[in-house]
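Worksheet: the structure to be examined is printed underneath.
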Amino acid sequence: MGLDKWIAPEKEKKKKKEESKINSQGISNSRKKERVKETPILTKHTLICPKAKCKYQKVIVKRILTEKDKVCPKCKGLMRIK
């Protein structure tokens, strides 16, 4: 019952000031969220070892594959991307 009613209005004033700054710049919160959703952060890569005896498969979810990811852990050969 104490100071809650006095503290809450200050927080609301700060939020309103931040929102007014964002709106004055011409960028709304909804536009920021849309930009984040449009850019793909991670992609799914399926790697398969081409050697007939090995046939090892793995799925990696990364933005960019490295050379280490393309090496087969069983036969140390170069895997192909499916």
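The values are calculated or read from the model by the stated rules, or taken from the named source; none is laboratory data. Here the structure is a predicted model, which is why all the values come from computation and not from measurement. FYI the Cβ positions are ideal-geometry reconstructions off the backbone, even for glycines, and counts take in every protein chain you see.
Listing for the model above:
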{"read-out": "Of residues in the range 18-61 being among the hydroxyl-bearing types (Ser, Thr, Tyr), loosely packed, with under 11 Cβ neighbours inside 10 Å and over 30 Å from Arg80 (Cα atoms), the one modelled with the highest pLDDT", "value": "Ser20"}
{"read-out": "Close pairs (7 angstrom Cβ cut-off, 6 or more residues apart or separate chains): at positive phi in the range 40-66, surrounded by 10 or more Cβ atoms within 10 Å (Cβ to Cβ) anywhere", "value": "Lys55/Cys49"}
